[in-house]
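Written out below as C-alpha cells is the structure these notes cover.
The numbers here are math on the coordinates, done by the rules we state, and not lab data. Quick caveat: nothing in here was measured; it's all calculated off a predicted structure. Because the Cβ atoms are built from the backbone with ideal geometry, glycine has one as well, and the counts that use them run over all protein chains shown.
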Amino acid sequence: MRKLPPVVAILALAAAACSNSASDNPAGGNSAAASAPAEAKPLAGVTVEIAAKWTGDEQASFEKVLKAFEEKTGAKVTYASTGEDTGAYLGPRIQGGNPPDVAILPQPGLVQQYADQKALKPLSSEVLSQIDQNYTPYWKELGSAGGQVYGVLVKAAHKSLIWYRQGAFDDAGAQEAASWDDLIGKTAQTLADSGTAPFALCAASGWTLTDLFENVYLSSAGPENYDKLAKHEIPWTDPSVTTALEKMAQIFGKKDFMLGGSSGALQTDFPTCVTQVYGQKKAAMVIEADFVAASVGQSGAKVGEEAKIMPFPKAGDTEPVVLGGDVGVVMKDSKGAQALLEFLASKEGGEVWAKEPGYLSPNRNVSPDNYPSELTKQLAQTIISAGEAVRYDMSDLAPSAFGGTDGKGEWKHLQDFLRDPKDIKGIQQKLEADAAKAYGK
Amino acid sequence: MTERLNGPQAPGGDDLAAGASPGPTDASTAPAASSPAPPPEPPAGTRPAGDSPEPRASSEPPASAQSPGSSEAAAAEPPARGAKAARLGPSPKMAVLFLLPALLLLAAWVIYPIVYSIFRSLYDAAGDGFVGLDNYLAIFTDSGTLTTIRNNIIWVVVAPLIVTVLGLMFAVLTERIRWATAFKLVLFMPMAVSLLAAGVIFRLVYEQDPDKGVANAVITVVHDTFSSSQGYPGARPRENDEAPAVLKGGDVVTRQSAQPGGQVLIPLVGLKPDAVAKAPPAKPAGSGGLSGTVWLDVVRGGGGTVNQIDDAEKGLGGITVEAVADGQVKATTETAADGTFYFSGLSAGSYDIRLPKSNFEAPFNGLTWLGPTLITPAIIGAYIWVWAGFAMVLIAAGLSAIPRDALEAARIDGATEWQVFRRITVPLLAPVLLVVFVTMVINVLKVFDLVFIIAPGSVQPQANVIALEMWRVSFGGGGNQGMGSALAIFLLVLVLPFMIFNIRRFRRDER
C-alpha cells in the first residue's frame, strides 16, 4: 500500500492533463515550477495535442510555428501526424471519445461532417476577433457549419499553377503557354518533339488528378457551373463536364505527353513526379500546387531560377484560381486549444510560418515580405486580391466518400479515365452514379 | 504403442515398412512419433463420448481456443465421473470462479463485438435507419466489392498452397545440409519484419524503373542477355500534315512514293539531341539510285527549319530502310552514320520508303508489377516471402519427429529418395501440413497490410480484398459502418469453417 499514492498521483495527473478545465492549471503550474525556472507564461504546464496531415518538410515547418507558440505561452504542444487520410485517423478517435485538442482538417467538407457529429467546439470570441481582423468573409464561410463558425483557414494552397523546368524549355525552345490550346499544341508538342516528356503526373495519388480536372473545369465551364457541380446541382453527365474531360484527354490520350505513359503515371505517387522533373530531369512540367516548392528545393532546383511557375492557362473564358487549404478546428474545449488556434489565425503566427518554404497564408495581414521567395509573394498577392472570385477545391468540398478516398469515387474514376481516355461517356456515368450515392446521404 | 506406430506406417502402403521395424527399437521413438503425427482415422472416430464440448468451443476464435478449451475440459471432467462423494477435483462453484475472468474477457472482447457487429450491420451508415439485409445484398451487387471477393478467392486458392509447398521443400531440403540452422534462420528472418515494413520493401522491389526495382532489374538483365534492342526508341515523325513521313502501325512510312534517281528526306523527332551528340551531322544523300537521309530534325534550343537538314542536326545511323512496292519489300538497306542511305539496282517504278518499327522499339523495361493485371500476384509474392519461412519451421519440427527407422527401412528396401519422400515422408507429415495449410488459409482471408501498402492508389480497387474494403468503408473515408459491419460478419463467416476445422484438429491431437 505504500507504493500506491505515487501511482494514484500519476494517474490523477494524467487525468488532469487530459481534462480541460482551468482547475488543472494550478497543479500543472506547481509541478512545472518545481522542475523548471518558471516565467510568467499564461499557459505554463498546459499540454495541447494537435493533429494534422503534414509530414516531412511541411511538418518541420509547422513544428517551428508550434515552437514559437510554446515559447510565447509556455504551453507544451505535441504534434500527431494523421497520415494522408485524416478522416480515417480522426474518426476512431472521435468515436473513442479521445480526439486531439486541435485538428487541422484538409477539407472544409469535414467541418460540416464533424459539426453534424457534434465533435467540434465553437471558437472562442478571441479567435473570432482574429478571424474578423485578418480574413475576408469568404474564408469565414468556409469554416462555418449551420451558421456557427468552427474553423479557421490556417494554410492556403494555390492549385492553379504549372511548374516547369527552365532547362527543358531552353533545350526545346518551348515557351510559357497563354492558353490551354497553346499548352497542348505548342508548348507540350515542342517538348515532346525534342525528346523530353512534357508532363510528369502523380496519378497514383488521386487528388492530383482532381486538381487538374478542377482547373480545367473552372476555366472551361465558368465559376457558376463550378459551384453547381460542387454542390451536385448539375449531374456529372452534364455536357460541361464532357468538355473538360475532352480537354484532359488531350494530355491523357498521348503516350508521348506523359512520362512513362499512362501506366507509368498511374504508378507514380506524389511527390515523385516533382522529383522526376527537377531531380531526375526526365520531364519538363508538373501540374501541382505551390506547396511542392519544398520538394522542388529538395530535388536540387532553385525556385525562381531552374524551377519556374506559369499560371494555369485558360481553357475557356475564366482564368482559373483554385485554392486548397487546411482548416483548424477545436475538438476539445480547452484554454490551450483556443489559444493555439488564436495564435495560428493571428498575424504573428502567420508571419512565423510564412518564413518557411511551402507555406502560403490566407491571412490578409501577413505581410508578403515575410515569404522567402518572390514567387510566393506574388502568389500571396493573387489570392488575397482575388478575394471572392476564387474557388475552393471542388473535391475537398464533396463528401469524402466521393472526393477524398483512395480507390473510390472521383479519385478512382479519374484514374480509370487516365488509363482509358476514350470512354468519356462511361466515366461520366460512373462519376454520376457514385456522386449520387455520396451526396444522397 | 506399437499399434500406434503401425498406424502412420500403413499409408506407406507396402509391407516393407512395417516388416522392417522390430519391436524393441520402437519404444524409444514411439512417444515422439505419436504426438505430432497421430494416426489419421481410427482413434478419433472411435471416441464419440469426448466430442460433446466441441460445438461450444468451436464458436470461439482461434487465439483463445487453446487455453479455454483445456480448462473447460478439466472443469467438465469431475461431474462426468458421477459420484458426488468421491469427488477429487474442486467444486463446480470453484471451477466457475476460476473460469469467470476468462469468460468475462471473452465476452467483452469477442462475444459482444461480434453480436454488436451483427446488430450494426442491419443498420444504415448513420446507424439509425434499419435496413434489414440490404448491406449484405450490397456486398454481392456492388462491382467493387465483388472484385474484393474475387481477389480473396485468388488469394485463398494460391497463397496457402504455395506457402505450404515451399515450406515443405525448404524443410526437407535443409534437413540434411551442414548449415541447416543458418539457412533456416535466413529463411525465417522475414517473419521478424513487420508486414508493413515488408510491404514498403516490396513496393520498392516492384518499381517499374529497373534502376530502382529489383524485380525488373533481374528480368531486364536476363532479357537483355538474350536480345538487346539497338534502335532509337521514341523517335517518330512530326505529327502534322507537312511532315514527309507518317506513322503507320508503328512503321514510319513516307507520305509520297519515290522513284529511282529521286531523293527522300525522312525527318524524325522525339529524341533528345544529346542522345545522338556523337553522331556526325546529317547531310543530303548523293545522287545515284534511290537515296535519302534519315535524321533528327531537332535543334537544341529550338529553331532550325522544319523538315530541312540544318547544320547542327545529326544523322541517325544504323536504321533499317525498306523500299516497298505493291505491298512487298523489294530492297533493304541500312543508313550510314550520317543518316544517308542508297538503294542501287532498283528497277524503275515507284516505291514507298519504310522504316520498320523494329528500329524504334522501346527497350524492354520489365513488367508492370504494380499495374492492374499483375498487382495481386505481385502482392501474393511478397506474402510468400514473409510466410514461407514460418511454414518451413513448423514443417521442419514435424519432420524431425517422424520415425527415422521408417525412412531407413524404406531406403534399405531399395526405395528411391523420391519414393521415400512421396510415400513415407509426406504421408507421415500430412497432419502437420494440413495444420499449416489451414492456418495459412485463415491468415490469407484477413490479409490487409500488404495490399494496403504495396498497391499504389490507382490500382487499389483492382488489388482490394475484403478486410481492406471493410476498413475503407467504415473508417477510411467511406464513413459507412453498417456496410463495414456487414463485411466484417461476411469475413467471419468465411473464416469460421476453417477455424472449426483447426480447433477439431487441435482437440484430437491433445488426446
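Brief remarks on what is shown
- Helix-derived mean residue ellipticity, 222 nm - over the protein assembly as shown, DSSP H n ≥ 4, -39500 (n - 2.57), to 500: -15000 deg cm²/dmol
- Largest-first ellipsoid semi-axes for the range B:347-416, taking √(5λ) over the Cα gyration tensor eigenvalues, angstrom: 59, 23, 7
- Inter-label distance, nm, simple model (7 Å from Cα along the C-beta direction), B:SER143/B:ALA275: 3.7 nm
- Rule-of-thumb Rg ratio for the range A:370-441 [Cα; 2.2 N^0.38 Å; N residues]: 1.53
- With a simple spin-label model that places each label point 7 Å from the Cα along the Cα-to-Cβ direction, the separation between A:GLU63 and B:GLN419 comes to 6.9 nm.
- Straight-line cross-link partners of B:LYS272 among the aspartates and glutamates, defined as a Cα under 18 Å from its Cα and at least 8 positions apart when in the same chain: A:ASP170, A:ASP171, A:ASP193, A:ASP256, B:GLU239, B:ASP297, B:ASP310, B:ASP311, B:GLU313, B:ASP338, B:GLU361.
- Equivalent ellipsoid semi-axes - Cα gyration tensor, the range A:112-257, angstrom: 39, 20, 13
- In this structure, the amide hydrogen of A:ALA157, modeled 1.01 Å from its nitrogen in the peptide plane, lies closer than 5 angstrom to those of A:GLY324, A:GLY325, counting only residues at least 5 positions away or on a different chain.
- Rg then Dmax, both in Å and based on the Cα atoms of the protein assembly as shown: 35.2, 122.
- Antiparallel DSSP beta bridges within the protein assembly as shown, percent to nearest 5: 70 percent
- Of the GluC sites (Glu not before Pro) in the range A:272-378, the ones in a loop by DSSP (not H, G, I, E or B) with at most 16 other beta carbons within 10 Å are A:GLU305.
- Cleavage-rule hits (trypsin sites (Lys or Arg not before Pro)) in the range B:386-469: DSSP loop, at most 11 neighbouring Cβ within 10 angstrom: none
- Euclidean distance between Cα centres, the range A:101-118 to the range A:326-369, Å: 17 Å
- Only beta bridges with both residues in the range B:245-360 are counted; by DSSP, about 80 percent of them are antiparallel.
- Of the trypsin sites (Lys or Arg not before Pro) in the range A:267-305, those whose Cβ has at most 14 other Cβ within 10 Å and which sit in DSSP loop: A:LYS302
- Whole-Hz ³J(HN,Hα) from phi, Karplus 6.51 cos²θ - 1.76 cosθ + 1.60, for the range A:352-358, glycine and proline x: 4, 5, 4, 6, 8, x, x
- Principal-axis analysis of the Cα atoms of chain A puts helix A:409-419 at an angle of about 30° to the longest axis.
- Dimensionless Rg/Rh of the range B:172-284 - Kirkwood Rh, Rg from C-alpha atoms: 1.29
- Approximate shape of the range B:245-360 as ellipsoid semi-axes (Cα gyration tensor, √5λ), whole Å, largest first: 24, 15, 12
- The C-alpha atoms of chain A define a longest principal axis, and helix A:374-386 lies at about 90 degrees to it.
- Counted residue by residue at 0.36 nm each, then reduced by the alpha carbon distance between them, the extension gain from B:ASP211 to B:ASP124 reaches 26.4 nm.
- Divide the volume of the convex hull around the Cα atoms of chain A by the residue count and you get 152 Å³ per residue.
- C-alpha center-to-center spacing [the range B:337-398, the range A:267-283] in angstrom: 23 Å
- More than 19 Å apart - percent of Cα-Cα pairs taken over the range A:97-184: 55 percent
- Between the range B:456-511 and the range B:269-305, the Cα center-to-center distance that results, in Å: 61 Å
- Modelled label positions at A:GLN148 and A:LYS231, each set 7 Å beyond Cα in the direction of Cβ, lie 2.3 nm from each other.
- Unsatisfied cross-links (Cα-Cα over 28 Å) in the set A:LYS254/B:LYS446; A:LYS302/A:LYS422; A:LYS159/A:LYS186; A:LYS308/A:LYS412: A:LYS254/B:LYS446; A:LYS302/A:LYS422; A:LYS308/A:LYS412
- Karplus-derived 3J(HN,Hα), 6.51/-1.76/1.60, for each residue of the range A:205-220, Hz, glycine and proline x: 9, x, 5, 5, 6, 5, 4, 4, 4, 4, 4, 5, 5, 4, 6, 8
- ³J(HN,Hα), Karplus 6.51/-1.76/1.60, whole Hz, each residue of the range A:94-107, x for Gly, Pro: 5, 4, x, x, 9, x, x, 5, 10, 10, 9, 8, x, 9
- Cut-off under 5 Å, modelled amide H: who pairs with A:ILE309 long-range: A:TYR164
- 28 Å Cα-Cα threshold exceeded, pairs from A:LYS332/A:LYS408; A:LYS67/A:LYS281; A:LYS228/A:LYS430: A:LYS332/A:LYS408; A:LYS67/A:LYS281
- Residues whose placed amide H lies under 5 Å from that of B:LEU346, excluding near-sequence neighbours: B:LEU290
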